[in-house]
Amino acid sequence: MELMRNGLPRVVVTGIGAVTALGDAEALWRNLLAGQSGVERIQTIPVDHVPVKIAAEVRDFSPRGYIEHKEARRMGRASQFAVVAAHQAIADAGFEPANPFPDQGEDVGVVIGTTLGSHELSTNSTYTYRNSGYRKPNPLSLVNALPNMPAHYVSRFFGALGPLNTPSTACAAGTQSLGLAADLIRYGRSQVVLAGGVEAILQDYTIAGFDAMTALATEYNDRPSHASRPFDAQRSGFVMGEGAAVFVLESLAHARGRGARIYAEVLGYATSSDAFHVAALDPTGDGAVRAMRWALQDAQLDVSDVGYINAHGTSTPANDAMETLAIKTVFGEHAYNIPVSSTKSMLGHTFGASGAIEAIACVMSLVQQVLHPTINYEYPDPACDLDYVPNLARTVDRLRYVLSNSFGLGGQNASIVFGSI
């Protein structure tokens, strides 16, 4: 097997870890195939005073066994998620998590994307400070709330001394992190990269804020599992979620050299800007079109090569119609032959983590030759007329290349291509 592609090192996935409302990476994939929703009434924060009371939250989470208690108390929820997911990915890749890179830390990078990081620390500390007679605040709360702290902790816990990056590109952050990590390897700056995305922003003020934007599904408090319904004619908004996914990416030469099991190959990625509006999507889908086309060009694939698309698929009226239009613009008539599904139908929108979590679905689809469904698809929408793998998982034959989309606030678009190996 050639170790180079177009004169650059090939980049492969050798480890996967996840913290999600549907469990770790193994449980996540099993539940996605079963069409199991992770959306329930929120339990980690009080919600009686906010209009939306449901989300895909990570319940019963404990970092015990991964992070010492004293250290964990200082860390935000997002940093804890990232460290636990990274620990799982490192173990899955066949490294020893206690000391995974004893002789090559400088060759190991970290790229963990997020929207807000552990934002709850700064917000809660500000509230406490202002309501306690302006006493001295917690000296670490501001620092640990910074968006780059999840990446910092992953780097520190596992001795990764190479490049350290934190893409904060809203809902595109997880996908962009994987693409940037692949480039670190392709251009010789790292041999191994711990890459992914994390988000933990389930707070009453974030719920209230997105509700004020009329972005959330508001009428499903008594039917949580039905709330996220991408591409369905009765979709009314997205459902908030949280979680993390971290990958071990390596050069193919490095992975082969240590006899690693390989899941899939990262073939190409791209980002683009709508340059349109701070929150509203460009209804023409031009930015999404550019991201998909450039990702395929980077992967040196034709549109006819793609056998599956994991959609951004948020369940908002605007996104799903725009994404469908963009897919048809890029793929032409072949778009009607490509299965498209939305992981968010079961996990809600995990913002900066979503692209990384959805990449797990892409990689496992290649490995097992099966696609997870888009659940809650009941009423066809004329503006959304593709094959959305409705409600039931589907076995496929000879699936070789998959594309995943992530589109974020501020017109931030990212697409990534995985291939079997």
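Structure notes:
- Residue that is surrounded by the most Cβ atoms within 10 Å (Cβ to Cβ), among those in the stretch 358-374 that are in contact with a Lys or Arg (Cβ under 9 Å, 6 or more places away or on another chain) and closer than 22 Å to ALA244 by Cβ: GLU358
Quick grid of which residues meet (1) hydroxyl-bearing (Ser, Thr, Tyr); (2) in a strand (DSSP E or B); (3) surrounded by fewer than 23 Cβ atoms within 10 Å (Cβ to Cβ):
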{"residue": "GLU378", "(1), (2), (3)": "no, no, yes"}
{"residue": "LEU392", "(1), (2), (3)": "no, no, yes"}
{"residue": "LEU399", "(1), (2), (3)": "no, no, yes"}
{"residue": "SER406", "(1), (2), (3)": "yes, yes, no"}
{"residue": "ALA414", "(1), (2), (3)": "no, yes, no"}
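- Within the stretch 195-245, the only residue that satisfies the criterion of being closer than 19 Å to LEU28 by Cα, out of contact with any Asp or Glu (no Cβ under 8 Å at 6 or more places or on another chain) and assigned to a helix (DSSP H, G or I) is HIS226.
- Some residue of the stretch 319-334 being touching a helix residue (DSSP H, G or I) at 6+ places or on another chain (Cβ under 6 Å) and among the basic types (Lys, Arg): yes
- Set ALA195, ALA264, ALA244: member being modelled with pLDDT of 95 or more, touching a Pro at 6+ places or on another chain (Cβ under 9 Å) and under 13 Å from ALA359 (Cβ atoms): ALA244
Per-residue answers, yes or no, for (1) closer than 15 Å to ALA295 by Cβ; (2) surrounded by fewer than 24 Cβ atoms within 10 Å (Cβ to Cβ):
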site: PRO163; (1), (2): no, yes
site: ALA172; (1), (2): yes, no
site: GLN176; (1), (2): yes, no
site: ASP183; (1), (2): yes, yes
site: ARG189; (1), (2): no, yes
site: VAL193; (1), (2): no, no
site: VAL198; (1), (2): no, no
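Table: residues versus (1) of a type outside the set (D, E, K, R); (2) modelled with pLDDT of 95 or more.
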{"residue": "PRO283", "(1), (2)": "yes, no"}
{"residue": "GLN297", "(1), (2)": "yes, yes"}
{"residue": "ASP302", "(1), (2)": "no, yes"}
{"residue": "ILE327", "(1), (2)": "yes, yes"}
{"residue": "PHE331", "(1), (2)": "yes, yes"}
{"residue": "ASN337", "(1), (2)": "yes, yes"}
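- With a requirement of 3 or more residues that are out of contact with any Ser or Thr (no Cβ under 7 Å at 6 or more places or on another chain) and in the same structural domain as SER406 (by TED's automatic domain parsing), the helices (runs of 4 or more DSSP H) lying completely within the stretch 262-365 that satisfy it span 286-299, 317-331.
The values are calculated or read from the model by the stated rules, or taken from the named source; none is laboratory data. Computed from a predicted structure; not experimentally measured. For neighbour counting, all protein chains shown are included, and Cβ atoms are generated from backbone atoms with ideal geometry for every residue, glycine included.
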